[in-house]
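Undergrad: First the structure, then my questions, so here it is.
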Amino acid sequence: MSASTKTALTVGSVVLAPLAFVIGLLVLFIAAVASGATGNEEESGRSAPGPADATPSSVPGIGPVVLSAYVKASDAVTTLRPKCLGMRWSVIAGIGKVESGHAAGRRVAANGDVTPRILGVPLNGSGAGGNTSVHSDTDNGTLDGDAVFDRAVGPMQFIPSTWQGPSGQDGNGDGIRDPHNIFDAAQATAFYLCGTGHNNLTDEAQLRKAVLRYNQSGTYATEVIGHVRAYDQLSRSGVGHGNSPGSPVFHDGSAGWPTSVRNPRSTAAAIAWARREAVSGGRNWYRACLAFVARTYGWSYSGVQYAVDHYWQMPAALRHDRDRRPPPGALMYWDTGQRAGHVALYLGGGKIASNDIRRKGYIDVVDAGDIESVWGATYLGWAPPYFPQGG
């Protein structure tokens, strides 16, 4: 969370016939009213069923304990925030994805404790992490280890002052409200997103408003909602794994390059170069995706102007249209709705090195599905690193 926003009637079998008749009419009347009320609410967009009713047994990139926490938290909303409709695991997961990558790189115990702790930058107004306002310490360093300034804490990145208010929750029932526990933090996220009034998070305008309450950045809200859409798709299909068409999930393939594919750098060296650029590279790659993938393989230029043209100019035997099992080192292509399209380097394990997806001009290692879920792009397919016009 950004620093700028962190808060039956049963009847006996022996009755008189007239009475039974009257009761029957009464029951039918009540049922008709209830049905009509439901229909009116659905028409007004206030109680439409959520787009994601089934929970996948597993979701790539989300550990089983973390997924369990998201599901448990969404179920708790019925009691905690009865006026809030449409809460589902995917909404909480959208926040968790952006805030900490679902506690990526941390150990998540069965009870939900996340170690080592996830701490944000000191909220001293320096601009680091996007923070431009000063948040002096409010917890004596108890939650964030900093007795001078507050820091966002835990997998859902609450700041201490927000957590210590009504938003802090005990999601695993151990009697402790701990932002470093995924069950507690996930439940707090659901609680905070719902607010206190009537909401229906199946309506995207209301969902966006809720996310903006969590973080007032429009870019942040767009990114979160993109992930929510992608997770909703998994729920619709009931699949948390696999390679179904339209799924943003990718797995490693094993196809090798044909002998016609020759580059100054090997596949392993290209992947290593791309990873180094993501860690220490500068802002050199704004709208330069094709130039970037060419450079990873040691070329100074690709010889083609646009990424989509590079894909469609490939010999048909090299194109793998809509195939979601690219080998590590493959080039992956998307139609973004713009003339140029997009290309990224597949690193393996469902990850790509891509420019502009997190930071304009920089390279970041992200889930390959992010190009679809965040940008709304259409996946075209993959091809080997073939640069016949490169130089």
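The values are calculated or read from the model by the stated rules, or taken from the named source; none is laboratory data. What you see is a predicted model; the values in this text were computed from it and never measured. Using ideal geometry, Cβ is built from the backbone for each residue, glycine included, and neighbour counts are taken over all protein chains shown. SASA here: full protein model, heavy atoms, side chains in, ligands and nucleic acids out. Shrake-Rupley method; radii C 1.70, N 1.55, O 1.52, S 1.80 Å.
Undergrad: Quick one: count up the residues across region 275-292 that are part of a helix (DSSP H, G or I), modelled with pLDDT under 95 and closer than 20 Å to Val304 by Cβ.
TA: Final tally of qualifying residues: 0.
Undergrad: Does region 139-150 contain at least one residue that is of a type in the set (A, V, I, L, M, F, W, C) and open to solvent by less than 60 Å² (accessible area, probe 1.4 Å)?
TA: Scanning region 139-150 turns up at least one residue that is of a type in the set (A, V, I, L, M, F, W, C) and open to solvent by less than 60 Å² (accessible area, probe 1.4 Å).
Undergrad: Would you mind listing the strands (runs of 3 or more DSSP E) fully within region 321-371 where at least 3 residues are of a type in the set (Val, Ile, Thr)?
TA: By residue number, 363-367.
Undergrad: Tell me yes or no: at least one residue of region 197-207 is modelled with pLDDT under 95 and over 30 Å from Ala377 (Cα atoms).
TA: yes
Undergrad: Then there is this: Scan region 311-323 for residues that are aliphatic (A, V, I, L, M) and either buried (at least 20 other Cβ atoms within 10 Å of the Cβ) or within 15 Å of Phe387 (Cβ to Cβ) (or both) and report the count.
TA: Residues in region 311-323 being aliphatic (A, V, I, L, M) and either buried (at least 20 other Cβ atoms within 10 Å of the Cβ) or within 15 Å of Phe387 (Cβ to Cβ) (or both): 2 in total.
Undergrad: Just checking, does region 123-133 include any residue being surrounded by fewer than 18 Cβ atoms within 10 Å (Cβ to Cβ), at pLDDT below 90 and either in contact with an Asp or Glu (Cβ under 7 Å, 6 or more places away or on another chain) or β-branched (Val, Ile, Thr) (or both)?
TA: Looking for residues that are surrounded by fewer than 18 Cβ atoms within 10 Å (Cβ to Cβ), at pLDDT below 90 and either in contact with an Asp or Glu (Cβ under 7 Å, 6 or more places away or on another chain) or β-branched (Val, Ile, Thr) (or both), one finds at least one in region 123-133, hence yes.
Undergrad: Out of region 150-167, which residues are in contact with a helix residue (DSSP H, G or I) (Cβ under 6 Å, 6 or more places away or on another chain) and among the small types (Gly, Ala, Ser)?
TA: Once the filter is applied, which keeps residues that are in contact with a helix residue (DSSP H, G or I) (Cβ under 6 Å, 6 or more places away or on another chain) and among the small types (Gly, Ala, Ser), region 150-167 yields Gly154, Ser167.
Undergrad: What number of residues within region 252-273 are open to solvent by 30 Å² or more (accessible area, probe 1.4 Å) and either at pLDDT 85 or above or under 21 Å from Leu193 (Cβ atoms) (or both)?
TA: Summing the residues that are open to solvent by 30 Å² or more (accessible area, probe 1.4 Å) and either at pLDDT 85 or above or under 21 Å from Leu193 (Cβ atoms) (or both) in region 252-273 gives 15.
Undergrad: Please verify whether region 166-178 includes one or more residues that are assigned to a helix (DSSP H, G or I) and open to solvent by 40 Å² or more (accessible area, probe 1.4 Å).
TA: Taking every residue of region 166-178 in turn, at least one turns out to be assigned to a helix (DSSP H, G or I) and open to solvent by 40 Å² or more (accessible area, probe 1.4 Å).
Undergrad: Tell me, which residue of region 324-340 that is in contact with a helix residue (DSSP H, G or I) (Cβ under 7 Å, 6 or more places away or on another chain), open to solvent by 10 Å² or more (accessible area, probe 1.4 Å) and farther than 22 Å from Trp273 by Cα is modelled with the lowest pLDDT?
TA: So the residue we want is Thr336.
Undergrad: Still on this structure, I have one more. Specify which of the listed residues (Arg295, Arg319) is more than 28 Å from the chain's Cα centre (by Cα), within 19 Å of Ala268 (Cβ to Cβ) and of a type in the set (D, E, K, R).
TA: Exactly one of Arg295, Arg319 is more than 28 Å from the chain's Cα centre (by Cα), within 19 Å of Ala268 (Cβ to Cβ) and of a type in the set (D, E, K, R), namely Arg295.
Undergrad: For region 68-118, how many residues meet the condition of being on the phi > 0 side of the Ramachandran plot and in a helix (DSSP H, G or I)?
TA: Total meeting the criteria: 0.
Undergrad: Being of a type in the set (Gly, Ala, Ser) and closer than 14 Å to Leu345 by Cα is the filter here, so list the residues in region 357-379 that pass it.
TA: Once the filter is applied, which keeps residues that are of a type in the set (Gly, Ala, Ser) and closer than 14 Å to Leu345 by Cα, region 357-379 yields Ala368, Gly369.
Undergrad: Now, a different point. Here is a list of conditions, (1) under 21 Å from Arg229 (Cα atoms); (2) open to solvent by 60 Å² or more (accessible area, probe 1.4 Å), and Asp367 meets all of them except one; can you say which number that is?
TA: Status for Asp367: all satisfied but (2).
Undergrad: Identify all residues within region 73-110 that are over 14 Å from Gln187 (Cβ atoms) and open to solvent by 30 Å² or more (accessible area, probe 1.4 Å); write none if there are none.
TA: Residues satisfying the conditions are Pro82, Lys83, Leu85, Val98, Glu99, Ala104, Gly105, Arg106, Arg107, Val108, Ala110.
Undergrad: Just give me the residues in region 179-214 being surrounded by fewer than 18 Cβ atoms within 10 Å (Cβ to Cβ) and either of a type in the set (Lys, Arg) or within 20 Å of Leu67 (Cα to Cα) (or both), in sequence order.
TA: Scanning region 179-214 gives Arg208, Lys209, Arg213.
Undergrad: A further question follows. Of the residues Val343, Val374, Val308, which single one is among the β-branched types (Val, Ile, Thr), in contact with a Leu (Cβ under 8 Å, 6 or more places away or on another chain) and crowded, with 22+ Cβ neighbours inside 10 Å?
TA: Val343
Undergrad: Okay, next question. Which condition does Arg358 not pass, out of (1) closer than 29 Å to Pro258 by Cβ; (2) within 16 Å of the chain's Cα centre (by Cα); (3) surrounded by fewer than 22 Cβ atoms within 10 Å (Cβ to Cβ), if it passes all the others?
TA: All conditions pass for Arg358, except number (1).
Undergrad: While we're here: Restrict the check to region 304-314 and report whether at least one residue is within 19 Å of the chain's Cα centre (by Cα), not in a strand (DSSP E or B) and not hydroxyl-bearing (Ser, Thr, Tyr).
TA: No, the conditions are met nowhere in region 304-314.
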